[in-house]
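Written out below as structure tokens is the structure these notes cover.
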Amino acid sequence: LGDGCSHRTLEEGGAKESDFLAAVTNNDQVNIIASLLAKTYRIPRVVARISGPQQLDNPLLLKKTGLYTVYPEKVVADKIAQLIEVPFASLSEVFVEGRVQMLKLEVKKGAGLEGRKLSELERLSSWILVAHSRAGKLTIPRGDTLIRSGDYVIGLGIKEALKELEEL
């Protein structure tokens with residue numbers, strides 16, 4: 001469309017009526033300038049893609065202006081680290097600054113979960129199973145939910161208690 005650092009380009013793109021702007025070029029400076037310009041149009045949610053970590057250290061520029069930043073390289077590195085850290089999970093997400101973790105686990109044949117009802121899992125003091133999937137059908141598990149080989153369970157819990165899930 002044009003130069004993201006130009007107010008004319010932003011106006012032609014509908015900045016005056018926009019609720020959201022994502023500045024996602026490969027140039028951090030262009031993304032920052034376009035985002036700051038977007039804020040002058042009072043666009044409520046503005047996201048800037050930042051690939052240089054040195055830009056993330058500027059609290060005056062980013063935090064005080066209310067810009068959201070996405071640092072794709074860090075996102076990918078964090079995802080890889082999460083999957084390495086929890087090799088028995090097929091999906092891992094962290095919340096609350098890394099203290100809470102959500103894991104998707106496949107129930108393997110012979111696993112401690114196989115053939116048991118959720119109400120029988122007394123050992124899970126720091127984890128709660130929040131979803132259950134069988135043959136592609138996702139449900140919210142209850143105490144009488146029977147867990148079978150090939151099922152997937154999604155657990156939410158305290159990261160320090162990963163051992164508790166691994167032992168199942």
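Estimated from helices alone, the mean residue ellipticity of the chain at 222 nm is -7000 deg cm²/dmol (sum of -39500 (n - 2.57) over DSSP H runs with n ≥ 4, per residue). Ranked by solvent-accessible area (1.4 Å probe, protein heavy atoms only, all chains present), the residues R42, R134, R148 order from largest to smallest as R42, R148, R134.
Pairs spanning more than 18 Å between alpha-carbon atoms, out of K16/K39; K79/K104; K104/K137; K104/K159; K39/K74: K39/K74. Computed on the chain, with alpha-carbon pairs under 8 angstrom and 6+ residues apart, the relative contact order is 15 percent.
Using a Gaussian network model of the chain in which every pair of alpha carbons under 10 angstrom is joined by a spring, one finds that among Q82, Q29, Q101 the greatest mean-square fluctuation is at Q29. Projecting the Cα positions of P72, S126, S6 onto the charge dipole of the chain (unit charges on Cβ atoms of Lys, Arg, Asp and Glu, taken about the Cα centre) puts S126 furthest along the positive direction. Largest to smallest in accessible area, the residues H132, H7 fall in the order H7, H132 (1.4 Å probe, all protein chains included). Computed over protein heavy atoms with a 1.4 Å probe, the carbon and sulfur contribution to the accessible area of the chain reaches 56%.
Accessible area per residue was computed with a 1.4 Å probe on protein heavy atoms; K74 scores about 100 Å². Accessible area ranking (1.4 Å probe, heavy atoms, ligands and nucleic acids excluded), largest first, for Y68, Y152: Y68, Y152. Given the choices (i) 19.1; (ii) 19.5; (iii) 16.0, Kirkwood radius over Cα pairs in Å derived from the coordinates of this structure is entry (i).
The values are calculated or read from the model by the stated rules, or taken from the named source; none is laboratory data. Since this is a predicted model, take the numbers as computed values, not measurements. Neighbour counts are summed over all protein chains in view; Cβ atoms, including those assigned to glycine, are modelled from backbone coordinates with ideal geometry. These area figures cover heavy atoms from the full protein model, side chains too; ligands, DNA and RNA do not enter into them. Shrake-Rupley method; radii C 1.70, N 1.55, O 1.52, S 1.80 Å.
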